[in-house]
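We did not get these values from a lab; they are worked out from the coordinates using the rules stated. Bear in mind the structure is a predicted one, so any value in this text is a computation, not a measurement. Note: ideal-geometry Cβ built from the backbone for every residue, glycine included; neighbour counts use all protein chains shown.
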Amino acid sequence: MFETLPRILLGLLTGFLFGFLLQKGRVSDRRVIVGQFLLRDFTVMKVMLTAIIVGGAGVYAMHAAGLTKLFVKPAQLVAVPVGGLIFGVGMVLLGYCPGTAVAAAGEGKRDAWFGLAGMIAAAAVYAEFAGLFASTVQKWSNLGPVTLPELTGVPVWAWFAALAIAAALFFRWLESRARL
Amino acid sequence: MSILARPSWSPYAAGAGIGILSWFAFWSADHPLGVSSVMVRVVAAIEQAAAPAHVAATPYLSKLAPFFDWEFALVIGLAAGAWLSARLSHSAEDSPVSSTRRWQAILGGFLLLFGARLAGGCTSGHGISGSLQLALSGWIFFACIFASGMLTAQVLKNREL
């Protein structure tokens, strides 16, 4: 039932920092999340893109140094888009994603508790159909664990350089607009 | 202490912190940050207590053993970290929840997690951990949640949200 104690403690510490950062980043606030989808508040985009660029550059550097493996999920070209589209509707209705709902629940926001109840119900239902989905939808057009550099032949560093420049220009434009 | 007591940090600082935390998770735990599969672990643990034979016959649940793992602990820690952050800045909220909002939250949570399981991850597992590895799956997921989320937000804009 339990993993080893050191791994449990490591998980607690990592999660603690994750929750602290999500709360300080204001993404455990439903108004901020819905505001992003209405394009009124770009906090979610700022947090996520910065995390992707900083995180990705470091993870690939560690990978090159042999310090970590990569954990790329399969590109199932039917299941991932369909799941993502359903997820987007749920995220706006609830006002949180799974991680930020846990953070909001920790803060005492009661709507997040109801959201978590809905999530657990969905997990129970999904588990009953998981075998069916695995042998159908998730098999259709499955390219396997492919990355953008592998797919395009454009090297990893070029991707991160391009992402960083695009994000910097976009955020600079957003901040200059915000000051008007 | 003052920085910890601020109600919010720059989103870029919080994002960079989450990025650095990803390095730590990959390196220390051999595991990317992710949350949605923990909801399945909760179900597996409950059903293990109530109907162990059913869990044994459902590979999607039984393959997750041990149920209380690093990722489960991550989610417990996540709630605690958010709680402390809100406490330090005195921004904890406890507003009443209307019955409409209650059902909206339950339905939203249900769709959210069903979609995440079908896609194989959520905003953390696909959106951040997947996208930072430049995974095609992560970027497709990212684009799709924005497409349907923006549409849903427009439809619901003038209702109670």
(message) Condition (residue is more than 7 Å from chain B (Cβ to nearest Cβ), within 18 Å of the chain's Cα centre (by Cα) and assigned to a helix (DSSP H, G or I)) applied to the stretch A:75-97: is it met by at least one residue?
(response) no
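If you go through the stretch B:14-41, how many residues are under 17 Å from A:CYS97 (Cβ atoms), in a loop (DSSP other than H, G, I, E, B) and at the interface with another protein chain (Cβ under 7 Å from one of its Cβ atoms)? Before you say what the answer is, go through the steps one by one.
Residues of the stretch B:14-41 under 17 Å from A:CYS97 (Cβ atoms): B:14-15, B:18, B:21-22, B:32-40.
Remaining after also requiring in a loop (DSSP other than H, G, I, E, B): B:32-35.
Still in the list and also at the interface with another protein chain (Cβ under 7 Å from one of its Cβ atoms): B:32-33, B:35.
The number of residues fulfilling the criteria is 3.
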Worksheet item: What about A:VAL44, is it closer than 28 Å to A:VAL89 by Cβ, free of Cβ contacts under 8 Å to residues at least 60 places away in the same chain and either in contact with a helix residue (DSSP H, G or I) (Cβ under 7 Å, 6 or more places away or on another chain) or in a helix (DSSP H, G or I) (or both)?
Response: yes
Matching residues in the stretch B:90-105 (at the interface with chain A (Cβ under 7 Å from one of its Cβ atoms) and among the β-branched types (Val, Ile, Thr)) number 1
- request: Tell me, yes or no, whether the stretch B:72-89 has at least one residue that is more than 25 Å from A:ARG40 (Cβ to Cβ), of a type in the set (S, T, N, Q) and at the interface with chain A (Cβ under 7 Å from one of its Cβ atoms).
  value: no
Of (1) over 30 Å from B:GLU47 (Cα atoms); (2) surrounded by 17 or more Cβ atoms within 10 Å (Cβ to Cβ), A:ALA127 satisfies every one except (1)
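Taking the conditions exactly as written (more than 14 Å from the chain's Cα centre (by Cα) and at positive phi), does A:GLY106 satisfy them or not?
Numbers: more than 14 Å from the chain's Cα centre (by Cα): yes; at positive phi: no.
When the stated conditions are applied, A:GLY106 does not pass them.
Confirm whether B:GLY130 is within 7 Å of chain A (Cβ to nearest Cβ), under 26 Å from A:LYS139 (Cβ atoms) and surrounded by 24 or more Cβ atoms within 10 Å (Cβ to Cβ). If you could, list the steps in order and put the result at the bottom.
Working: within 7 Å of chain A (Cβ to nearest Cβ): yes; under 26 Å from A:LYS139 (Cβ atoms): yes; surrounded by 24 or more Cβ atoms within 10 Å (Cβ to Cβ): yes.
Judged against the criteria, B:GLY130 is a match.
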When every residue in the stretch B:53-84 that is assigned to a helix (DSSP H, G or I) and in contact (Cβ under 8 Å) with a residue 24 or more places away in the chain is compared, the one surrounded by the most Cβ atoms within 10 Å (Cβ to Cβ) is B:LEU78
The residue that is farthest from the chain's Cα centre (by Cα), considering only those in the stretch B:147-161 that are facing another protein chain (nearest Cβ under 7 Å) and in a helix (DSSP H, G or I), is B:LEU156
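Just to be sure I understand, how many residues within the stretch A:1-25 are at the interface with another protein chain (Cβ under 7 Å from one of its Cβ atoms), surrounded by fewer than 24 Cβ atoms within 10 Å (Cβ to Cβ) and out of contact with any strand residue (DSSP E or B) (no Cβ under 8 Å at 6 or more places or on another chain)? Walk me through it before giving the result.
From the stretch A:1-25, those at the interface with another protein chain (Cβ under 7 Å from one of its Cβ atoms) are A:1-3, A:7-8, A:10-25; that's our starting set.
Restricting the remaining residues to those that are surrounded by fewer than 24 Cβ atoms within 10 Å (Cβ to Cβ) gives A:1-3, A:7-8, A:10, A:12-13, A:16-17.
Narrowing further to those that are out of contact with any strand residue (DSSP E or B) (no Cβ under 8 Å at 6 or more places or on another chain): A:7, A:10, A:12-13, A:16-17.
Summing the residues that are at the interface with another protein chain (Cβ under 7 Å from one of its Cβ atoms), surrounded by fewer than 24 Cβ atoms within 10 Å (Cβ to Cβ) and out of contact with any strand residue (DSSP E or B) (no Cβ under 8 Å at 6 or more places or on another chain) in the stretch A:1-25 gives 6.
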Restricting the stretch A:26-41 to residues that are in contact with a Phe, Trp or Tyr (Cβ under 9 Å, 6 or more places away or on another chain) and outside any loop (DSSP other than H, G, I, E, B), the one nearest to the other protein chains (Cβ to nearest Cβ) turns out to be A:PHE37
Restricted to the stretch A:59-74 and to residues being surrounded by fewer than 24 Cβ atoms within 10 Å (Cβ to Cβ) and part of a helix (DSSP H, G or I), the residue farthest from the other protein chains (Cβ to nearest Cβ) is A:ALA64
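Give the stretch B:1-13 a look and list any residue that's hydroxyl-bearing (Ser, Thr, Tyr), under 20 Å from A:THR50 (Cα atoms) and part of a helix (DSSP H, G or I), or say none.
Once the filter is applied, which keeps residues that are hydroxyl-bearing (Ser, Thr, Tyr), under 20 Å from A:THR50 (Cα atoms) and part of a helix (DSSP H, G or I), the stretch B:1-13 yields only B:TYR12.
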